[in-house]
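Reading through the structure tokens given below for one structure.
Rule-based calculations on the coordinates, nothing more; no lab input. Keep in mind that this is a model prediction, so the values were computed, not measured. In this analysis, Cβ positions are derived from the backbone assuming ideal geometry, glycine residues included, and neighbour counts consider all displayed protein chains.
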Amino acid sequence: MIKIGIIGVGRMGKIHLENLSTKIEGVELIAAVNPSTEGQKFALDHGVKNVSGNIDIIIDNPEIDAVLISSSSDTHSDFAVKAGKAIFCEKPIDKPLQKASETVNIISDLNVPLMIGLILFYIHGTMGTFAHGIK
């Protein structure tokens, strides 16, 4: 069983949270962090027991194996560096290329797995665009 904490329960976070809590076997959502009560309520309604506006409930929890980061884009790199656990992060990890590169280097030095989500690549109709070049 992989135990996950999710940071950000907005548009994409709700999709990830719902999929992790209802469609993927072998996953347990341990905690969810979101600044708004709407996102917190969504997490509680989907069975997440530890819900807060503070990421420390994920970072300081040794029970959590991995972190899914789907908060606002301007927070991705800061949360990724602090996570200290395996990371799935929605794109972009940061907007300035230099900061994104620095973040990836820091995470690499920590020897923590990192995956950046790019769902557009898998949406029907875009595969041909990538295969044939954007015009």
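I need the semi-axes of the equivalent ellipsoid of the chain: take the C-alpha gyration tensor, multiply each eigenvalue by 5, square-root it, list largest first in whole angstrom.
With the √(5λ) rule applied to the chain, the semi-axes are 25, 19, 14 Å.
Convert each backbone phi in the range 61-78 into a coupling constant with the Karplus relation 6.51 cos²θ - 1.76 cosθ + 1.60 (shift: θ = phi - 60°), then list the ³J(HN,Hα) values in order as whole Hz, x for Gly and Pro.
Couplings: 9, x, 6, 7, 8, 8, 10, 9, 9, 9, 6, 4, 4, 6, 9, 3, 5, 4 Hz.
Enumerate the amide H contacts of Glu28 below 5 Å, restricted to partners 5 or more residues apart or on another chain; note that Pro and chain-start residues carry no placed amide H.
Result for Glu28 returns Ile2, Lys3, Ile4.
If the chain between Val81 and Asp65 were fully stretched, how many nm would it gain, using 0.36 nm times the residue separation less the Cα-Cα distance?
Answer, rounded to one decimal: 4.2 nm.
In the structure displayed, which of Lys14/Lys85; Lys14/Lys49; Lys49/Lys95; Lys49/Lys99; Lys3/Lys95; Lys3/Lys23 lie more than 26 Å apart, Cα to Cα?
Beyond 26 Å: Lys49/Lys95; Lys49/Lys99; Lys3/Lys95.
So what are the ³J(HN,Hα) numbers for the range 43-48, from phi and the Karplus equation (6.51, -1.76, 1.60; θ = phi - 60°), rounded to whole Hz, Gly and Pro as x?
With coefficients 6.51, -1.76 and 1.60, one gets 5, 4, 5, 9, x, 7 Hz.
Provide the gained length on full extension for the span Ile116 to Ser52, in nm with one decimal, where the gain is 0.36 nm per separating residue minus the Cα-Cα distance. Let's see the in-between values first.
Details: separation 64, 0.36 × 64 = 23.04 nm, distance 2.40 nm.
The span from Ile116 to Ser52 would gain 20.6 nm if fully extended.
How much length is gained on full extension from Ser101 to Ser36, taking 0.36 nm per residue of separation minus their Cα-Cα distance? Could the numbers behind the result be given before it?
Numbers: separation 65, 0.36 × 65 = 23.40 nm, distance 2.98 nm.
Net length gain for the segment: 20.4 nm.
Only Lys, Arg, Asp and Glu count, each charged at its Cβ (+1, +1, -1, -1), so figure out the dipole size of the chain about its Cα centre, rounded to 20 debye.
The calculation lands at about 420 debye.
For a quick check: with amide H placed at 1.01 Å from N, whose amide H comes under 5 Å from Val51's, ignoring anything fewer than 5 positions away on the same chain?
Correct list: Ala32.
Give me a comma-separated list of calculated 3J(HN,Hα) values for the range 30-35, in order, Karplus coefficients 6.51, -1.76, 1.60 applied at θ = phi - 60°, integers in Hz, x for any Gly or Pro.
Those phi angles translate into 8, 8, 9, 10, 7, x Hz.
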